[in-house]
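Here is the structure we will look at, set down as structure tokens.
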Amino acid sequence: MLKKPETLFVLGYMLLPLLALVSAIMGLTMILGGNKIVGIIVLVVVTQVFAFGAFFALRARKAALLQEAALLQQNDGGQ
């Protein structure tokens, strides 16, 4: 399931960046609301996890697309 380019597209371009944005807003709101330590943890750790997850999903999508293209090219060359 996580090897399909379509799934990785949704994760890398839509879901994980949106979750990173929401967690950044939540962290800033917590900092401004008085929970400085927890807000900084959310802002630094949780937001970065979602951001790096998006980069990982995009790299995996690129690799899956290249592998798929190589298989198609190999099959076309054999005919």
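Read-outs: derived from the displayed coordinates by stated rules, not from any lab. The structure presented is a predicted model; accordingly, all values stated were derived computationally and were not measured. Don't worry about glycine lacking a Cβ; one is built from the backbone with ideal geometry, like all the others, and counts go over all protein chains shown.
If only residues of the range 1-47 that are without any contact (Cβ under 8 Å) to a residue 12 or more places away in the chain, within 30 Å of LEU66 (Cβ to Cβ) and not aliphatic (A, V, I, L, M) are counted, the one that is surrounded by the fewest Cβ atoms within 10 Å (Cβ to Cβ) is GLU6. Restricting VAL49, VAL38 to residues that are within 16 Å of the chain's Cα centre (by Cα) and part of a helix (DSSP H, G or I) narrows the list to VAL49.
Would you check if PHE56 is among the aromatic types (Phe, Trp, Tyr), surrounded by 11 or more Cβ atoms within 10 Å (Cβ to Cβ), part of a helix (DSSP H, G or I) and touching a helix residue (DSSP H, G or I) at 6+ places or on another chain (Cβ under 6 Å)? So PHE56 fails the test.
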